[in-house]
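Read through the structure below, which is laid out as structure tokens, and then see the notes.
Derivation of every value follows stated rules applied to the coordinates shown; laboratory data play no part. Values in this document were obtained by computation on a predicted structure and should not be read as measured data. A quick note on method: Cβ atoms are made from the backbone with ideal geometry, for glycine too, and the neighbour counts reach across all protein chains shown.
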Amino acid sequence: MRLPALTFSFAALVLLAALAGCATPQYQTTVRLIPPADAQGRACVADCEIRKNACQADCQARYQACVKAIEPQVEARYAEVLKQYELELKQYAAALRRYEMELHFEWLRSYPYSYPYRHPYWWDPWPGMYFPPPYREPIMPTREGVRTQLAAENCQADCGCLPAYDACFVGCGGQRVSETVCIKNCPPEK
């Protein structure tokens with residue numbers, strides 16, 4: 001025995017409402033640095049700060065040099081990506097034509113009803129058999145997108161300056177305190 005589509009819609013709505021009430025809490029971890037109290041410790045932390053700034057400046061200079069070095073590769077990769085886009089666009093156009101033809105001639109296959117394609121109920125909102133549309137239209141690439149991808153593949157933007165600074169800070173007598181706080185869908189306070 002088949003239940004009407006309305007019953008299934010109502011059941012899906014109830015299930016969705018039940019799942020919305022069971023949302024998982026989301027937490028965020030923050031780090032707080034407490035400087036040392038003595039003058040010698042504060043001087044040591046100032047030295048750590050100088051080394052961190054030098055490390056970050058050196059890292060940024062290396063990253064910019066790497067990005068400049070990959071510039072000749074950008075045009076070659078962009079040409080390859082454009083050829084791939086052109087091929088995908090032709091495949092998409094062929095799939096779209098095939099889809100339109102199937103929709104145009106679907107009335108020839110509308111009887112007898114077959115379960116996978118159409119429900120034989122008179123209240124069914126779809127006027128005919130359902131043919132899924134072709135895959136998504138390809139997205140045209142950009143030079144900047146190709147440059148960003150090449151930079152992510154070949155250049156290192158993070159040189160590990162902050163972990164080294166944290167270790168130096170703690171070595172000077174400072175404290176590193178991590179706090180995890182609920183920011184969304186928090187459980188009730190006890």
For segment 141-155, just list the computed ³J(HN,Hα) in residue order, Karplus coefficients 6.51, -1.76 and 1.60, θ = phi - 60°, integers in Hz, with x standing in for Gly and Pro. x, 10, 4, 4, x, 5, 4, 5, 5, 4, 5, 5, 6, 10, 10
Please compute the modelled spin-label separation between residue 59 and residue 73, points set 7 Å along Cα→Cβ, answer in nm with one decimal. 2.1
Report the FRET efficiency, 1/(1 + (r/R0)^6), for residue 66 and residue 143, where r is their Cβ-Cβ distance and R0 is 22 Å, rounded to 0.05. 0.80
How far is it, in nm, from the label point at residue 83 to the one at residue 100 when both lie 7 Å from their Cα along the line to the Cβ? 2.9
